[in-house]
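Enquirer: I am attaching a structure below and will ask some questions about it afterwards.
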Amino acid sequence: MGELSRYRRSLEELEPIVEGLKRLIMLLGFPDSCAHALAVMYVIREPLIIDNLSQLTGYARTTLFTCMNILERLGLVSKKRVGRKYAYVLASKPSKVILSRFREVLERGVSPLIKTLETLIGSGLKEEEETKIREILEDLIGIKEVLTKVVSEGGG
């Protein structure tokens, strides 16, 4: 129980960091429960069994098993045997997984949408519709530039 108390104190002291990490992870498309579990793991930085993770996050063990399976498939966590249970550990290079997600958003989402909007401009739309499309296109081009820079600087 001493270990769990120590973890709780750390989380209370660093609660704004946990919340900030959780919001950031959710921006990558992860559900609240997975984002919260991963944020807690980042702060604790020690292997955690599901029971402890459940007590620290307030999520049910079944929810966390699902989250850990998702995070493990994505390469963000791994599990190691601790006695009869498994403990989950942060991946050593989670940034590569995140950069991969950014690249995917860029290639599958932003770039095709830009091409679609460019095709619509000059296709006989009403002036106000074309103005809106140009504004959206400008925003998307800005997003594409930022994502491209992040991906290329991150070793992409």
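The values are calculated or read from the model by the stated rules, or taken from the named source; none is laboratory data. Just so it is clear, the model here is predicted, and its values are computed rather than measured. Cβ atoms come from the backbone with ideal geometry, glycine included; neighbour counts cover every protein chain shown. The protein model used for the area step is the full one, side chains on, heavy atoms only, and it has no ligands, DNA or RNA in it. Shrake-Rupley method; radii C 1.70, N 1.55, O 1.52, S 1.80 Å.
Enquirer: For region 90-103, what are the residues that are of a type outside the set (Ser, Thr, Tyr) and either at pLDDT below 85 or open to solvent by 90 Å² or more (accessible area, probe 1.4 Å) (or both)?
Expert: Going residue by residue through region 90-103, those that are of a type outside the set (Ser, Thr, Tyr) are 90-91, 93-94, 96-99, 101-103.
Hits for region 90-103 are ALA91, LYS93, PRO94, LYS96, VAL97, ILE98, LEU99, ARG101, PHE102, ARG103.
Enquirer: Now for a different question. Looking at SER33, SER54, which one is among the polar types (S, T, N, Q), under 23 Å from ILE17 (Cβ atoms) and either outside any helix (DSSP H, G or I) or within 16 Å of the chain's Cα centre (by Cα) (or both)? Lay out the reasoning, then the answer.
Expert: Values: SER54 fails: either outside any helix (DSSP H, G or I) or within 16 Å of the chain's Cα centre (by Cα) (or both).
It is SER33.
Enquirer: Let me ask something additional. Test ALA87 against the criterion of being under 21 Å from LEU4 (Cα atoms), more than 19 Å from the chain's Cα centre (by Cα), modelled with pLDDT of 90 or more and surrounded by 17 or more Cβ atoms within 10 Å (Cβ to Cβ), and give yes or no.
Expert: Details: under 21 Å from LEU4 (Cα atoms): yes; more than 19 Å from the chain's Cα centre (by Cα): yes; modelled with pLDDT of 90 or more: yes; surrounded by 17 or more Cβ atoms within 10 Å (Cβ to Cβ): yes.
In short, yes.
Enquirer: Could you figure out which of (1) more than 19 Å from VAL97 (Cα to Cα); (2) within 22 Å of the chain's Cα centre (by Cα); (3) exposed (fewer than 13 other Cβ atoms within 10 Å of the Cβ) isn't true of ARG108?
Expert: Status for ARG108: all satisfied but (1).
Enquirer: Okay, moving on. With respect to GLY75, is the statement that it is surrounded by fewer than 15 Cβ atoms within 10 Å (Cβ to Cβ) and within 16 Å of the chain's Cα centre (by Cα) true?
Expert: Values: surrounded by fewer than 15 Cβ atoms within 10 Å (Cβ to Cβ): yes; within 16 Å of the chain's Cα centre (by Cα): yes.
Taking the combined requirement at face value, the residue satisfies it.
Enquirer: Within the bounds of region 121-129, is there any residue that is of a type in the set (A, V, I, L, M), touching a Phe, Trp or Tyr at 6+ places or on another chain (Cβ under 7 Å) and open to solvent by less than 100 Å² (accessible area, probe 1.4 Å)?
Expert: Let us first name the residues in region 121-129 that are of a type in the set (A, V, I, L, M), namely 121, 125.
Checking the rest, the ones that are also touching a Phe, Trp or Tyr at 6+ places or on another chain (Cβ under 7 Å) come to none.
Among the residues of region 121-129, not one is of a type in the set (A, V, I, L, M), touching a Phe, Trp or Tyr at 6+ places or on another chain (Cβ under 7 Å) and open to solvent by less than 100 Å² (accessible area, probe 1.4 Å), which makes the answer no.
Enquirer: Do we have any residue at all in region 50-58 that's open to solvent by 60 Å² or more (accessible area, probe 1.4 Å) and either closer than 20 Å to GLU153 by Cβ or β-branched (Val, Ile, Thr) (or both)? Even if it seems obvious, please write down each step before you answer.
Expert: Let us first name the residues in region 50-58 that are open to solvent by 60 Å² or more (accessible area, probe 1.4 Å), namely 55, 58.
Next cut, either closer than 20 Å to GLU153 by Cβ or β-branched (Val, Ile, Thr) (or both) only: none.
Checked region 50-58: no residue is open to solvent by 60 Å² or more (accessible area, probe 1.4 Å) and either closer than 20 Å to GLU153 by Cβ or β-branched (Val, Ile, Thr) (or both).
Enquirer: Name the residues in region 1-45 that are in contact with a helix residue (DSSP H, G or I) (Cβ under 7 Å, 6 or more places away or on another chain), surrounded by fewer than 19 Cβ atoms within 10 Å (Cβ to Cβ), within 22 Å of SER78 (Cα to Cα) and of a type in the set (A, V, I, L, M, F, W, C), would you?
Expert: Once the filter is applied, which keeps residues that are in contact with a helix residue (DSSP H, G or I) (Cβ under 7 Å, 6 or more places away or on another chain), surrounded by fewer than 19 Cβ atoms within 10 Å (Cβ to Cβ), within 22 Å of SER78 (Cα to Cα) and of a type in the set (A, V, I, L, M, F, W, C), region 1-45 yields LEU4, LEU11, MET26, LEU28, VAL43.
Enquirer: Of the conditions (1) under 16 Å from the mean Cα position of the chain (by Cα); (2) open to solvent by 80 Å² or more (accessible area, probe 1.4 Å), ARG81 fails just one. Which one is it?
Expert: Among (1) under 16 Å from the mean Cα position of the chain (by Cα); (2) open to solvent by 80 Å² or more (accessible area, probe 1.4 Å), ARG81 violates only (1).
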